[in-house]
Amino acid sequence: MRSQFFVCFTLLFILQSCGVLTSEQAQPDNRPNPDTANEIAPTSPATNTAIAPKVEPVTTEPDTTLETEQFSREVLYSLLTAEIAGARQQYNITLRQYIKAASITKDVGIIARATRLAQYFRNGNQALNMGTLWLEQEPNNIEAHTIVASAYVDKRQPLEALDHAESILALLTKETRKQAANNTQQTSTVNGLQSVEIPQPNIKQRAAILETIANFSRTLDLETREALISRYHTLDKRYPELSPVKVGLSVLYASKRDTDKAFAIVREAIAQDEDYLPAARQEINLLNANRQFDEALVRLKQQLEKTPNNARIRLLYARTLAQTDIKAAYEEFTILSDNAPKNLDIKFSKAIIALELRKLDDAQQTFTELLNRNYRPNTINYYLGNVAELKKETETAISYYLAVNGGNDFVAANTQAARLMADSNQLDDAQIHLQKLRNRSPNFRAEFFNTEADILEDQGQTQNAIDVLNVAINEYPDNINLRYTRSSLYEKTDRLSLMEDDLRHALNLEPENAAILNALGYFLTNRTERHQEAYMLIKKAIGIRPKDSAILDSMGWVLFKLGRFDEAIPYLRQAFEQFPDPEIASHLGEVLWVNGNQQEALQIWNKNLEENPDDTQIPAVMRRLNAQP
């Protein structure tokens with residue numbers, strides 16, 4: 001449908017000249033969601049300056065004869081309503097009216113504008129709908145394919161997204177590819193409505209959608225990832241010079257834990273184009289995931305020498321430093337924060353590291369600034385509670401923890417608030433708070449029962465803790481955590497048959513649960529003579545989690561009880577190397593002592609007592625064996 005915008009633009013011009021439509025009303029801020037934000041103005045991605053969506057003046061292509069056909073009154077009304085709403089920052093109305101006009105007219109210019117608005121306002125469903133409608137009119141439009149591909153990524157449909165990514169590559173191999181490679185600009189005028197001028201990036205930038213698809217597919221089911229890998233290999237054969245394909249393949253192989261393949265592919269991309277930063281970042285991510293932090297830092301320093309002002313590389317450098325040199329990481333994050341004072345994510349990272357370094361005043365100041373700017377308030381309140389607790393400001397810590405009313409830290413924050421109340425002689429208040437939480441948050445009801453039992457046990461009220469768990473287990477008979485907690489309390493009160501019943505019940509529910517297998521095996525080792533039965537349970541547990549220090553300790557201890565000293569020692573040594581706590585030290589020392597290595601046993605015990613002077617386990621073992629320090 002060929003259409004002109006004479007009447008519409010004349011009316012818009014009059015309205016603008018009267019001050020009704022002005023872009024200056026918008027305020028710079030983050031891009032809004034049309035479903036929730038009428039108060040936030042969008043910003044131009046290129047300039048970070050405020051914009052208000054507006055219809056461009058009518059322009060025509062050379063030698064094109066104008067037709068006098070006009071839009072209907074209904075369409076004109078929708079478009080004018082959209083523009084006025086945009087000037088008033090009512091972006092949900094703007095988007096809705098453009099979608100309405102696009103659906104009525106099927107005009108490519110209006111459809112394109114509606115699609116861009118939907119993407120800009122992060123309305124994925126409408127971006128997909130409008131983008132699909134756009135492609136019905138212009139099946140070879142690269143921008144439309146890109147927007148639709150991105151929408152499918154958001155919907156976790158990577159194979160559909162890849163269909164459009166392949167179309168983009170196919171189109172770029174034709175005349176568009178030459179324009180894109182030369183960074184030219186193209187302007188399209190369709191049916192009298194001019195598209196916004198968009199710089200044409202080179203093919204690697206356009207093909208970056210392939211990296212996006214791979215990154216967003218890392219947690220999807222294995223079948224989907226295998227299908228993606230197969231298609232990426234096909235693309236790699238078709239476009240062997242295209243680094244984004246190789247980077248995407250590396251990401252997908254890494255998601256399968258095929259580290260060797262992931263390294264090989266991304267290093268092929270780097271050899272092909274050593275200046276392609278996404279490939280360098282992927283190699284560094286692999287090095288970090290493989291805990292090769294020193295090599296990762298070498299690569300990062302090399303990249304920073306090439307691109308010292310690249311904020312993403314410097315941020316990755318700071319995050320890698322946090323794994324090896326937290327003080328240096330703090331200095332780096334301080335520089336990043338000073339250079340980008342509006343980047344709240346960097347400020348948050350700096351505050352977390354300050355907390356780790358016990359720079360409590362600095363952490364508190366930064367967290368407070370973030371809270372004042374409404375940045376992730378639940379998370380920030382939780383960390384401000386941590387800071388106050390470390391500063392021994394108990395009431396302040398409680399108030400911050402109680403302010404966490406949702407998010408990933410909700411349970412931890414409210415649990416800690418209750419613990420602090422109990423430790424401050426406010427046990428009744430703690431129990432009342434937990435009761436309210438159970439009633440208010442049914443999804444976490446069982447967890448808060450468990451918390452109350454733990455607190456009562458910490459306060460020396462073991463039977464009251466068991467009573468709380470009895471109520472909870474009557475309500476949740478198959479909750480493994482509740483059963484596990486009650487079993488430990490039964491052991492403390494020497495109700496061993498009840499303890500075993502709880503662990504057996506849990507094991508019937510989850511036969512492959514290594515923690516339950518280990519708990520039951522360790523109980524049978526320590527409190528019964530059923531050592532062979534204990535050995536079989538622990539053997540199964542260690543087959544499931546072979547590097548777990550608690551299970552390794554249990555295996556060494558049960559082998560000792562079975563008289564297999566030489567077999568026991570390697571397990572206990574490995575457990576002690578991983579987690580040198582007093583209990584494992586007491587076990588290792590006892591086996592060494594009985595096996596004739598008394599000097600080494602004394603060294604292990606004495607050193608551990610220096611580090612844990614309040615421990616009672618090692619002195620008890622030494623007295624029982626009549627071992628002199």
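The table below lists the values:
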| item | result |
| --- | --- |
| Failed criterion for residue 515 (all others in (1) without any contact (Cβ under 8 Å) to a residue 24 or more places away in the chain; (2) part of a helix (DSSP H, G or I); (3) open to solvent by 20 Å² or more (accessible area, probe 1.4 Å) hold) | (1) |
| Looking only at region 452-465, and only at residues there that are part of a helix (DSSP H, G or I) and closer than 22 Å to residue 412 by Cα, the one that is most open to solvent (accessible area, probe 1.4 Å) | 458 |
| Only one of 443, 481 that is at pLDDT below 95, surrounded by fewer than 23 Cβ atoms within 10 Å (Cβ to Cβ) and within 29 Å of the chain's Cα centre (by Cα) | 443 |
| Residues being open to solvent by 70 Å² or more (accessible area, probe 1.4 Å) and without any contact (Cβ under 8 Å) to a residue 12 or more places away in the chain - total across region 342-363 | 3 |
| Search result, residues across region 430-447 that are in contact with a Leu (Cβ under 9 Å, 6 or more places away or on another chain) and within 19 Å of residue 395 (Cβ to Cβ) | 430, 431, 433 |
| Matching residues in region 119-141 - criterion: being in contact (Cβ under 8 Å) with a residue 40 or more places away in the chain and within 32 Å of the chain's Cα centre (by Cα) | 120, 121, 122, 123 |
| All positions within region 592-603 that are touching a Leu at 6+ places or on another chain (Cβ under 8 Å) and either surrounded by 22 or more Cβ atoms within 10 Å (Cβ to Cβ) or not in a helix (DSSP H, G or I) (or both) | 601 |
| Filter result for the condition that a residue is under 36 Å from the mean Cα position of the chain (by Cα), open to solvent by 50 Å² or more (accessible area, probe 1.4 Å) and in contact (Cβ under 8 Å) with a residue 24 or more places away in the chain, over 510, 577 | 510 |
| Unmet criterion (only one of (1) under 20 Å from residue 352 (Cβ atoms); (2) touching a helix residue (DSSP H, G or I) at 6+ places or on another chain (Cβ under 8 Å)) for residue 325 | (2) |
| Residue in region 113-121 that is among the aromatic types (Phe, Trp, Tyr) and touching a helix residue (DSSP H, G or I) at 6+ places or on another chain (Cβ under 7 Å) present | yes |
| Odd one out for residue 400 among (1) in contact with a helix residue (DSSP H, G or I) (Cβ under 6 Å, 6 or more places away or on another chain); (2) in a loop (DSSP other than H, G, I, E, B) | (2) |
| Residues of region 554-574 satisfying the condition of being part of a helix (DSSP H, G or I) and open to solvent by 10 Å² or more (accessible area, probe 1.4 Å) | 557, 560, 561, 565, 566, 567, 569, 570, 571, 573, 574 |
| Sole residue being modelled with pLDDT under 85 and either open to solvent by less than 60 Å² (accessible area, probe 1.4 Å) or not in a helix (DSSP H, G or I) (or both), chosen from 201, 244, 240 | 201 |
| Qualifying positions in region 518-552 - part of a helix (DSSP H, G or I), more than 33 Å from the chain's Cα centre (by Cα) and among the charged types (D, E, K, R) | 527, 533, 539 |
| Some residue of region 49-71 being closer than 27 Å to residue 140 by Cβ, at pLDDT 80 or above, open to solvent by 10 Å² or more (accessible area, probe 1.4 Å) and part of a loop (DSSP other than H, G, I, E, B) | no |
| The one condition in (1) over 22 Å from residue 206 (Cβ atoms); (2) within 30 Å of the chain's Cα centre (by Cα); (3) open to solvent by 40 Å² or more (accessible area, probe 1.4 Å) that residue 106 fails to fulfil | (2) |
| Hey, residue 563 among the small types (Gly, Ala, Ser) and closer than 15 Å to residue 594 by Cβ or not | yes |
| Residue that is farthest from residue 560 (Cα to Cα) [pool: residues in region 580-591 that are assigned to a helix (DSSP H, G or I) and within 36 Å of the chain's Cα centre (by Cα)] | 582 |
| Considering residues of region 304-339 that are in a loop (DSSP other than H, G, I, E, B) and at pLDDT below 90 only, the residue most open to solvent (accessible area, probe 1.4 Å) | 309 |
| Test: residue in region 223-235 that is of a type outside the set (S, T, N, Q), outside any helix (DSSP H, G or I), open to solvent by less than 70 Å² (accessible area, probe 1.4 Å) and within 22 Å of residue 152 (Cβ to Cβ) | no |
| The one condition in (1) open to solvent by less than 60 Å² (accessible area, probe 1.4 Å); (2) modelled with pLDDT of 95 or more that residue 436 fails to fulfil | (1) |
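Here is a yes/no grid of residues against (1) assigned to a helix (DSSP H, G or I); (2) open to solvent by 30 Å² or more (accessible area, probe 1.4 Å); (3) modelled with pLDDT under 90:
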{"site": "266", "(1), (2), (3)": "yes, no, no"}
{"site": "270", "(1), (2), (3)": "yes, yes, no"}
{"site": "275", "(1), (2), (3)": "no, yes, yes"}
{"site": "294", "(1), (2), (3)": "yes, yes, no"}
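Each row is one residue, and each column tells you yes or no for (1) closer than 19 Å to residue 333 by Cα; (2) out of contact with any Phe, Trp or Tyr (no Cβ under 6 Å at 6 or more places or on another chain); (3) without any contact (Cβ under 8 Å) to a residue 40 or more places away in the chain.
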position	(1), (2), (3)
365	yes, yes, yes
372	no, yes, yes
381	no, no, yes
399	no, yes, yes
408	no, yes, yes
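The values are calculated or read from the model by the stated rules, or taken from the named source; none is laboratory data. As the structure is a computational prediction, the values presented were derived from the model and not from experiment. Neighbour counts are summed over all protein chains in view; Cβ atoms, including those assigned to glycine, are modelled from backbone coordinates with ideal geometry. Ligands, DNA and RNA are stripped out before the accessible areas are found, and what is left, the full protein with its side chains, is counted by its heavy atoms. Shrake-Rupley method; radii C 1.70, N 1.55, O 1.52, S 1.80 Å.
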